[in-house]
Amino acid sequence: MKPAAERFAGHRQALADKVHATGVKHLKTLEAIATVPRHAFMDPGMHPQAYEDTALPIGHQQTISKPSVVARMIELLHKPRQKLGKVLEIGTGCGYQAAVLSLLADEVYSVERIRPLHDLARAKLRPFRINNLRLIYGDGILGLPQAAPFDAIILAAAGLGIPDALLDQLAIGGRLIAPVARNEKEQQLVMVERMSSQRYQRTVLDEVFFVPLQSGVV
Ligand code: SAH
């Protein structure tokens, strides 16, 4: 993705600075936040708010995730001094996080269950001509067995637990990060590292707020 000289260039760096101020330190992640023009993934009416560190509506009762949370999750997926290899994202939405991931990973697969959002992401991403990103319309709860195993899996929607198919499709040594709902109101970020074929290490992190992980496609 070329860092185009456009109207929002200064805003992109300012957003990366806001994300840094929330505690994200991983340099390449901050650089990716400073590179992707977030407004390009939103309706023109929302452009004035595009560089605020908040989640915003994208239609179909879904949101574009909060940049500092996107960055925090991507930072946590990184192992020391390693690039992200093959990544699976569940919940493409408008495609913003997929674009950020494409700058940090070898390959990105992103699954969305709402057809109009899958189509929207495709349209929003087309001008960037990203060649290491594949968008898939389907139910991410089932993962993407045809492309597994994944070095990293990131969920952009909160379920009551982490789907078994996703744990199965994580490479040994790989990391998964997901918001997990404890009840109607509370969610926590959970990181899972696969230590061996049978052993997973689970760490509970920050309180977060995401849209729900839902099954089936619409
Ligand atoms: N990654 C987006 C966030 C989109 S919000 C960003 O860059 O901002 C989360 C998305 O997850 C929604 O679009 C929602 O439709 C989708 N989602 C929820 N359950 C899903 C499932 N089972 N499979 C695929 N996508 C799902």
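Please treat every number below as a calculation from the coordinates, not as lab data. All values derive from a computational prediction rather than experimental measurement. Note: ideal-geometry Cβ built from the backbone for every residue, glycine included; neighbour counts use all protein chains shown.
Below are the figures for this structure:
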read-out: Residues Ser197, Ser65, sorted so that the one with the fewest Cβ neighbours within 10 Å comes first; value: Ser197, Ser65
read-out: Tally of Lys pairs whose C-alpha atoms are under 17 Å apart, taken over the chain, 8 or more apart or cross-chain; value: 10
read-out: Size-normalised alpha-carbon gyration radius of the stretch 76-196, reference 2.2 N^0.38 Å; value: 1.01
read-out: Stokes-Einstein diffusion coefficient of the chain, Kirkwood radius over Cα pairs, 4 °C, 1.567 mPa s, in µm²/s; value: 75
read-out: Per-residue Cβ neighbour rank within 10 angstrom, fewest leading, Lys28, Lys83, Lys18, Lys185; value: Lys185, Lys83, Lys28, Lys18
read-out: Solvent-free Debye scattering, log10 I(q)/I(0), computed from the Cα coordinates of the stretch 114-156 at q = 0.16, 0.18, 0.27, 0.29 Å⁻¹; value: -0.52, -0.66, -1.16, -1.19
read-out: GluC sites (Glu not before Pro) within the stretch 7-116: DSSP coil, no more than 16 neighbouring Cβ in 10 Å; value: Glu52
read-out: Distant alpha-carbon pairs in the stretch 137-218 (separation over 16 angstrom), percent; value: 49
read-out: For q = 0.14, 0.22, 0.23, 0.27 Å⁻¹, Debye-computed log10 I/I(0) when each Cα of the stretch 2-58 counts as one equal scatterer; value: -0.36, -0.85, -0.92, -1.16
read-out: The stretch 54-208: relative contact order as a whole-number percent, Cα under 8 Å and 6+ apart; value: 17
